[in-house]
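Written out below as structure tokens is the structure these notes cover.
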Amino acid sequence: MQFLRKIYYLLLNLYPRKYREEYGEELYTVFGQSLNDAFEIGGMEFAKTILDELFSMPKAIIHEYLRERRKSRMTGKFASRFDLTPGSSTEVFAALVPFLFGMVMILFAYIGKFVDFPLWIQIAFVLFFWSSVLGLFLLGSAKGLPRWFLPYLGLPLPIASLLIFNVLLDPKWPGFNVPWLVSVILMEGFLWGWMALIVVVLLLISAWMPKFRPFYRRLRDDWTLLSFLLYGAAPLTLFITFDEYKNVEPFFFASLLMLALGGWSYLRNSEPWKQFMSLYIGLALSMLTAAAGKAVLFEESWPQFVSLGWENEMIYTLVTWAWLAFIMFLPYMLNLLPRSKNQPSTAKSI
Amino acid sequence: MSPDPVSYLPLTEPTFYILLSLAPGRKHGYAIMKDVRGLSRERVNLSTSTLYTAVGRLLDQELIERLDDGGQDPGPGLPRKSYALTDLGRRVLEAEMVRLQGMVKEARLRLREDGA
């Protein structure tokens, strides 16, 4: 019997290493107990137990390898060349592509004012930009939504929010009989608040569907991930903020640079409160730059509305910032939700 | 946010018996194995590998939890980990019971109609 145990012990080496470390001792003990009990019952039962164990083991080993692979994939640890080490320069680059490419696009547009690029160069540039973003988007989706990919998920949120606002509210927008500043706050809230709602729906789906629960657990373990996802909404929010303004390139470029720096600092830090503050400061500097830009450009962009004053436009941008900052803070509330007993609480509070 | 227990149904027979085995309280791996055999009247004989494959999946789905026996000595040759049903696991088991009851009820009605 000791011999059979030794063979079983050796066969346990065929399981994935992590699984073996976690369950190896238990498997070995339970196998030993099965053998003992079967031996006491009789020869036939003993033989049957050994055969059962031997025939079921290969299937279990394959299953564990597949499960480990699937699990790693969903927790963003899938070993491949795209498994980017947290905080590494490749991860930082992959995460910041939406910001950096935005900057390159703006630079290209700005140079285009002075240099007449042939049409094919312009088309090639735009195609390269969108195919890169789309390619990275598909890659991140396929690789189990790793951390670097989260801003890509946030990228379309402002467009979705704007569409919902335009379809549902704008045609029937009643206006409010309240002071101007309050109406601006309400209006911007109704405009951007949908982003929070969309993220809540995504969160509920990931919590609800067993397949996406590992992703949900990651978000529960590190609430700043959801803030980082929402941070990805900032570039297109800026784009919408600057809509119909003239000569925005220097300010837009500087705003995106602030966002990229905030993102860089987030990825290089490991403490939640420092990570969150990186995003907060990045967003604040970016939106303040945008607000200053709009103040400077207001007169040349809207000469017919000079009497309204550039201060109003600045306030709109600052209110947008306040809403974005508020929405980005909401993921912290995840820490207040009850946690399953066997899930360790790794998220530290700020 | 807790997932809908119905989304885990139907349970396979071994899964049902493992959860049922843990319903009264926590158990070690081998105790589950023996209990499942008894509950299923020898129909479901889990090998060690099959049991732990199922246990791993149930842990991933948060239907059961793995508990450390801590300083307590579980006894000679017994592993120091045991398993217990989570709240979600209990609700899934109850949902499966309701589903099975519904099936049996429908079958009884249909058989009675045929017999009449």
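Values quoted throughout were computed directly from the atomic coordinates according to the rules given, and no laboratory measurement underlies them. All figures in this text were calculated on a predicted structure; none of them were measured in a lab. Note that we place each Cβ from the backbone using ideal geometry, even for glycine, and neighbour counts take in every protein chain shown.
Overview of values
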item	result
Spatial separation of Cα centroids for segment A:241-265 and segment A:118-140, in angstrom	20
Neighbourhood net charge (13 Å Cβ-Cβ; Lys/Arg +1, Asp/Glu -1) for A:A292	-1
Peptide A:204-211, shielding by other chains (average Cβ, 10 Å cutoff)	3
Prolate/oblate/rounded call for the protein assembly as shown, Cα gyration tensor, a/c under 1.5 rounded	prolate
Length released on extending from A:K274 to A:E311, taking residue separation times 0.36 nm less the Cα-Cα span	10.1 nm
Highest average packing first - A:212-225, A:264-277, Cβ atoms within 10 Å	A:212-225, A:264-277
Chain A - mean residue ellipticity at 222 nm from DSSP helices (-39,500 (n - 2.57) per run, n ≥ 4, rounded to 500)	-24500 deg cm²/dmol
Segment A:216-298: relative contact order as a whole-number percent, Cα under 8 Å and 6+ apart	36
Dipole-positive endmost among A:L157, A:P146, A:L283 within segment A:80-336 (Cβ charges, Cα centre)	A:P146
Kyte-Doolittle mean at least -1.0 and Cα axial length at least 30 Å: DSSP H helices in chain A	A:17-41, A:43-74, A:89-112, A:119-142, A:180-208, A:272-301
Max mean-square fluctuation residue, GNM over chain A, Cα-Cα springs under 10 Å, options A:P156, A:P98, A:P58	A:P58
Distance violations [Cα-Cα > 18 Å] among A:K143/A:K211; A:K71/A:K274; A:K71/A:K211; A:K18/B:K27; B:K27/B:K81	A:K71/A:K274; A:K18/B:K27
Cross-link reach list, aspartates and glutamates versus A:K246, counting only Cα pairs under 20 Å and skipping chain neighbours closer than eight places	A:D116, A:E299, A:E300, A:E311, A:E313
Most fluctuating residue given options A:G293, A:G309, A:G140, as computed from a GNM of chain A linking Cα atoms under 10 Å	A:G309
Within-14-Å neighbourhood charge of A:I50 [Cβ basis; K, R +1; D, E -1]	-1
Among A:G87, A:G112, A:G154, residue whose mean-square fluctuation peaks in a GNM of chain A (springs only between Cα atoms under 10 Å)	A:G112
Semi-axis lengths (Å, descending) of the ellipsoid that matches the C-alpha gyration tensor of segment A:135-222	33, 14, 12
Spacing of the two label points (7 Å from each Cα toward its C-beta) at A:A295 and B:R110, in nm	7.5
Sequence-separation-based contact order of chain A, relative, with Cα cut under 8 Å and 6+ spacing, percent	18
Anisotropy class of segment A:80-336 from Cα gyration tensor, a/c 1.5 cut	oblate
Charge sum, other residues only, whose C-beta stays under 13 Å from B:A23's C-beta, Lys/Arg counted +1 and Asp/Glu -1	0
Convex hull projection area averaged over all views, segment A:2-72, Cα basis, nm²	4.6
